[in-house]
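Every number in this text was worked out from the coordinates using simple rules, so none of it is lab data. Quick caveat, the model's predicted, so the values are computed rather than measured. Note that each Cβ is placed from the backbone with ideal geometry, even for glycine, and that neighbours are counted across all protein chains shown.
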Amino acid sequence: LTRLYTPLTALANVRVDVMTALVSFERVFEVLDLKPMITERPDPVSLPGGDVSVEFDDVRFAYPSADGYSLASLEEVSTLDTRGGEEVLHGVSLRAEPGQMVALVGPSGAGKSTIASLVARLYDPDSGAVRLSGVDVRDVSFEDLRGTVGVVTQDGHLFHDTIRANLAYVRPEATDDEIWDALRRARLAELVDSLPDRLDTVVGERGYRLSGGERQRLTIARLLLARPRVVVLDEATAHLDSESEAAVGEALADALHGRTALVIAHRLSTVRAADQILVVEQGRIVERGTHPELLAAEGRYAELHRTQFTVTERSAA
Ligand code: ATP
């Protein structure tokens, strides 16, 4: 039973794990024992240099059902998430200009994370297209895609390994100076410096236990080290005290500066700062505009703002 139960636990976390690995496809799929369903074109194209735009053109998407996966062994079939099949994005179009921050807001289950995962090409749309600087992500090499799109999720998933290894796998040639610089900018250098083994401290369940805010800041340090031109970020304020909240907020602002970013926003300060807010509901974008524009429209955003973001602001105060 344990043998069957283990992959089940892994798969229950499949979305989080896949998202958190900063698009390190091989490593993630190695961990999960699954083969990716997306494939690289034999003659992939390179993205042009400079800032990157992100565009969704009438994207429709349903999660694949279990039999779409290539499994390590047949018995694992019974442990797969078989929710797939129903369309969850029903024609989503959006455009983030180079350097813009776009905030996605909306109720739970609306499709925000799904939109985020399509930018990193964790799945392919069933129809329509996702483009980076005008190039369909299906035409881009995995290496280019991995180097361009950085993904950060709520949980700040860490490998049971040293702090150095957790940071440097996104850029194996990074020097200790660069790692310390990223830690400083993520407001973590002081803590790491105070640990007996400093960068060699093993973190994770059986190692040094970082708090929720510290884990988030470590994933932000990863982002600062990888310096992707596009950042896809699931922001979360849950479980953070107000001090961590402020530290995470500052570190994030630093990491997002000058990047094209798609942020699943939970902070009032983020939606206020966003160049564009998209309200997602039941797989569709139902409203778009800036914070003042959408408040004035007195529609869904204004309603969400009264409930979701006011609560966040109060609990962070
Ligand atoms: P939340 O704010 O709760 O994270 P969300 O807006 O990000 O929600 P999604 O996670 O994108 O919403 O979910 C959109 C729909 O897709 C939901 O109906 C959800 O149950 C479904 N879904 C999400 N992940 C998977 C998956 N891996 N397999 C099958 N269905 C999924």
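Here are some notes:
- Whole-Hz ³J(HN,Hα) from phi, Karplus 6.51 cos²θ - 1.76 cosθ + 1.60, for the stretch 220-234, glycine and proline x: 5, 4, 4, 5, 5, 6, 6, 6, x, 7, 10, 10, 10, 9, 9
- For the stretch 280-286, 3J(HN,Hα) computed residue by residue from phi via the Karplus equation (6.51, -1.76, 1.60; θ = phi - 60°) reads 9, 9, 6, x, 9, 8, 9 Hz, glycine and proline entered as x.
- Sites residue 200 and residue 90, calculated FRET efficiency, Cβ-Cβ separation with R0 41 Å, nearest 0.05: 0.25
- The stretch 87-128: C-alpha gyration tensor shape, a/c 1.5 cut-off, then a/b vs b/c: oblate
- Label-point separation, residue 193 to residue 297 (7 Å along Cα→Cβ), nm: 4.7
- Rounded to the nearest Hz, the phi-derived 3J(HN,Hα) couplings of the stretch 261-274 under the Karplus curve 6.51 cos²θ - 1.76 cosθ + 1.60 (θ = phi - 60°) are 9, 10, 10, 7, 8, 10, 9, 4, 4, 6, 5, 5, 7, 5, where x marks glycine and proline.
- Segment residue 39-residue 177, extension gain: residue separation times 0.36 nm, minus the distance between their alpha carbons: 46.1 nm
- Amide H contacts of residue 201 (H built 1.01 Å from N, in plane; Pro and chain starts excluded): 163, 164 sit under 5 Å, all sequence-distant by 5 or more or on other chains.
- Ranked for footprinting exposure by Cβ neighbours inside 10 Å, fewest first, 141, 113 give 141, 113.
- Shape of the stretch 105-163, Cα gyration tensor, a/c cut at 1.5: oblate
- Cα gyration tensor shape of the stretch 190-310, rounded if a/c is under 1.5, else prolate or oblate by comparing a/b with b/c: prolate
- Of the GluC sites (Glu not before Pro) in the stretch 248-304, the ones in a loop by DSSP (not H, G, I, E or B) with at most 15 other beta carbons within 10 Å are 298.
- Sorted ascending by nearby beta carbons within 10 Å, beginning with the fewest, 41, 185 become 41, 185.
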